[in-house]
Amino acid sequence: MTRFTQAELEAARDRLVPDVVADGLAVLFCGINPGLMTAATGHHFARPGNRFWPVLHLSGFTPRLMKPAEQGELLSYGLGITNVVARATARADELSAEEYREGGQLLASRLTEWKPRWLAVLGVTAYRAAFDDRKAQVGPQERMFGDTRVWVLPNPSGLNAHRTAATMAEEFGRLRVAAQD
């Protein structure tokens with residue numbers, strides 16, 4: 001793995017990380033915002049402690065454990081990745097309430113263009129902030145964006161110690177089954 005200096009990681013704050021998206025995906029995974037390692041590499045969920053890629057595999061979405069640099073292959077499985085907020089930070093708590101709201105509005109408009117069957121928001125706190133739904137819980141939501149249904153998944157960040165990779169994979173797996181219908 002490439003090692004970055006702190007200065008290189010800080011410089012990455014201004015880099016935009018391209019979405020991995022195509023029209024009509026089965027599931028569009030939506031992170032909170034890019035971390036500095038993601039911004040430095042250009043690959044989503046690139047920080048070694050992030051459990052997104054292992055959980056994606058454990059839940060059956062991918063037939064093997066993929067590396068962040070292989071993110072483009074997700075499209076062949078009908079999967080994609082975007083973020084609520086485009087700005088890279090070291091921690092999600094560096095984002096303002098206004099950034100979440102603006103990001104949620106932009107994402108909602110993009111969903112009408114992309115038309116995924118499911119939007120999977122990775123983190124209940126991010127979903128609540130972006131879509132002003134203070135009572136949301138992990139799982140399927142009543143809210144829809146056009147024909148796009150919404151499922152809130154646990155945040156796979158290594159900083160989220162409330163869930164193990166195995167328990168996260170169970171919830172991801174529930175979405176996988178629902179997305180096959």
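How would 157, 59, 76 line up by accessible area, probe 1.4 Å, largest first?
Output order, biggest surface exposure first: 76, 157, 59.
Please turn the phi angles of region 29-36 into ³J(HN,Hα) values with the Karplus equation 6.51 cos²θ - 1.76 cosθ + 1.60 (θ = phi - 60°), one per residue in order, whole Hz, x for glycine and proline.
The phi angles translate into 6, 10, x, 6, 6, x, x, 5 Hz.
In whole Hz, with x marking every Gly and Pro, tabulate ³J(HN,Hα) for region 93-104 from phi via Karplus 6.51 cos²θ - 1.76 cosθ + 1.60, θ = phi - 60°.
Running phi through 6.51 cos²θ - 1.76 cosθ + 1.60 with θ = phi - 60° gives 6, 7, 7, 8, 4, 5, 4, 4, 4, 4, x, x Hz.
With every protein chain present, what accessible area does residue 164 have (1.4 Å probe, heavy atoms only), rounded to the nearest 10 Å²?
80 Å²
Here are a few candidate values for log10 I(q)/I(0) by the Debye sum over Cα atoms at q = 0.13 Å⁻¹: [x] -0.60; [y] -0.74; [z] -0.66. Which one was actually calculated from the structure I just gave you?
Checking each listed value against the structure points to [x].
With a 10 Å cut-off between alpha carbons and a GNM built on the chain, which of 34, 156, 140 moves the most?
Judging by the Gaussian network model, the answer is 140.
Just the accessible area for residue 170, please: 1.4 Å probe, Å², rounded to the nearest 10?
120 Å²
Could you calculate the FRET efficiency of residue 125 with residue 180 from 1/(1 + (r/R0)^6), where r is the beta carbon distance between them and R0 is 35 Å, rounded to 0.05?
0.80
So for region 31-138, Kirkwood radius off the Cα pairs, Stokes-Einstein at 4 °C and 1.567 mPa s: how many µm² s⁻¹?
In µm²/s, the coefficient is 88.
As a test question: what accessible area, to the nearest 10 Å², does residue 27 have when a 1.4 Å probe is rolled over all protein chains in place?
0 Å²
The values are calculated or read from the model by the stated rules, or taken from the named source; none is laboratory data. Remember, predicted model here, so these are calculated numbers, not experimental data. Cβ atoms come from the backbone with ideal geometry, glycine included; neighbour counts cover every protein chain shown. Side chains are part of the model used for accessible areas, which takes the heavy atoms of the whole protein and leaves out ligands, DNA and RNA. Shrake-Rupley method; radii C 1.70, N 1.55, O 1.52, S 1.80 Å.
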